[in-house]
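Enquirer: Structure provided below as structure tokens; questions to follow.
The values are calculated or read from the model by the stated rules, or taken from the named source; none is laboratory data. What you are looking at is a predicted structure, and each value in this text was computed from that prediction instead of being measured. Virtual Cβ from ideal backbone geometry, glycine too; neighbours counted across all protein chains shown.
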Amino acid sequence: MVKGNRLEELGALLTAQQRKAAFLIVENEMTPNSEKRTLEDIANEVGVERMTLYRWRTGNRNFIAYKNEIADDFLSDKRDMVYAQLLKLISGSQPSVKAIDLFMRRFGLLTERQVTETVDKTQERSVDAIRRELAHLDDMLADDKEGDK
């Protein structure tokens with residue numbers, strides 16, 4: 001599986017403490033608020049200072065990417081629940097327009113279409129106007145040549 005390979009590649013760049021911390025942080029974020037642990041608790045369990053955990057979470061790109069991959073894996077398992085909720089919103093007594101829009105976009109049935117129109121102003125000028133402009137440019141060139149002499 002490609003995602004598993006990405007997780008393994010990122011994990012290879014981290015210490016065992018960092019990998020454990022990433023799992024614990026994701027697990028904590030997916031836990032109801034009443035049961036959440038503090039980041040200090042997680043740091044203590046991993047065996048690092050709270051500021052070390054903070055630096056990993058905010059400044060270590062590999063740690064952040066690894067943690068995000070774990071979260072994506074966790075959420076991909078919940079896709080059926082998300083679709084079930086979406087269907088409830090669509091088929092309720094007062095269907096949600098936002099849910100219908102999301103459903104249509106998800107399955108490629110609704111796309112945004114932007115039209116850009118370019119107006120070519122050169123076609124609006126008459127032949128006479130172009131001839132007058134060319135004559136004016138010729139006069140300017142002639143004046144420049146006389147000034148160079």
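Enquirer: Return yes or no: is L89 out of contact with any His (no Cβ under 6 Å at 6 or more places or on another chain), more than 28 Å from E9 (Cβ to Cβ), surrounded by 13 or more Cβ atoms within 10 Å (Cβ to Cβ) and among the aliphatic types (A, V, I, L, M)?
Expert: Against the criterion (out of contact with any His (no Cβ under 6 Å at 6 or more places or on another chain), more than 28 Å from E9 (Cβ to Cβ), surrounded by 13 or more Cβ atoms within 10 Å (Cβ to Cβ) and among the aliphatic types (A, V, I, L, M)), L89 qualifies.
Enquirer: Continuing with the same structure: Would a scan of region 54-68 turn up a residue that is part of a loop (DSSP other than H, G, I, E, B), in contact (Cβ under 8 Å) with a residue 24 or more places away in the chain, of a type outside the set (G, A, S) and surrounded by 12 or more Cβ atoms within 10 Å (Cβ to Cβ)?
Expert: Scanning region 54-68 turns up at least one residue that is part of a loop (DSSP other than H, G, I, E, B), in contact (Cβ under 8 Å) with a residue 24 or more places away in the chain, of a type outside the set (G, A, S) and surrounded by 12 or more Cβ atoms within 10 Å (Cβ to Cβ).
Enquirer: State the number of residues belonging to region 109-134 that are exposed (fewer than 10 other Cβ atoms within 10 Å of the Cβ), at pLDDT 80 or above and either farther than 30 Å from A99 by Cβ or hydroxyl-bearing (S, T, Y) (or both).
Expert: 2
Enquirer: Restrict the check to region 39-52 and report whether at least one residue is touching a residue at least 60 places away in the same chain (Cβ under 8 Å) and touching a helix residue (DSSP H, G or I) at 6+ places or on another chain (Cβ under 7 Å).
Expert: No, every residue in region 39-52 fails to be touching a residue at least 60 places away in the same chain (Cβ under 8 Å) and touching a helix residue (DSSP H, G or I) at 6+ places or on another chain (Cβ under 7 Å).
Enquirer: Related question: As an exercise: evaluate S96 against (1) surrounded by 14 or more Cβ atoms within 10 Å (Cβ to Cβ); (2) within 28 Å of the chain's Cα centre (by Cα); (3) touching a residue at least 12 places away in the same chain (Cβ under 8 Å) and give the number of the one condition it does not meet.
Expert: Every listed condition holds for S96 apart from (3).
Enquirer: Taking E35 as the residue in question, decide whether it is modelled with pLDDT under 95, surrounded by fewer than 16 Cβ atoms within 10 Å (Cβ to Cβ) and over 21 Å from the mean Cα position of the chain (by Cα).
Expert: Yes.
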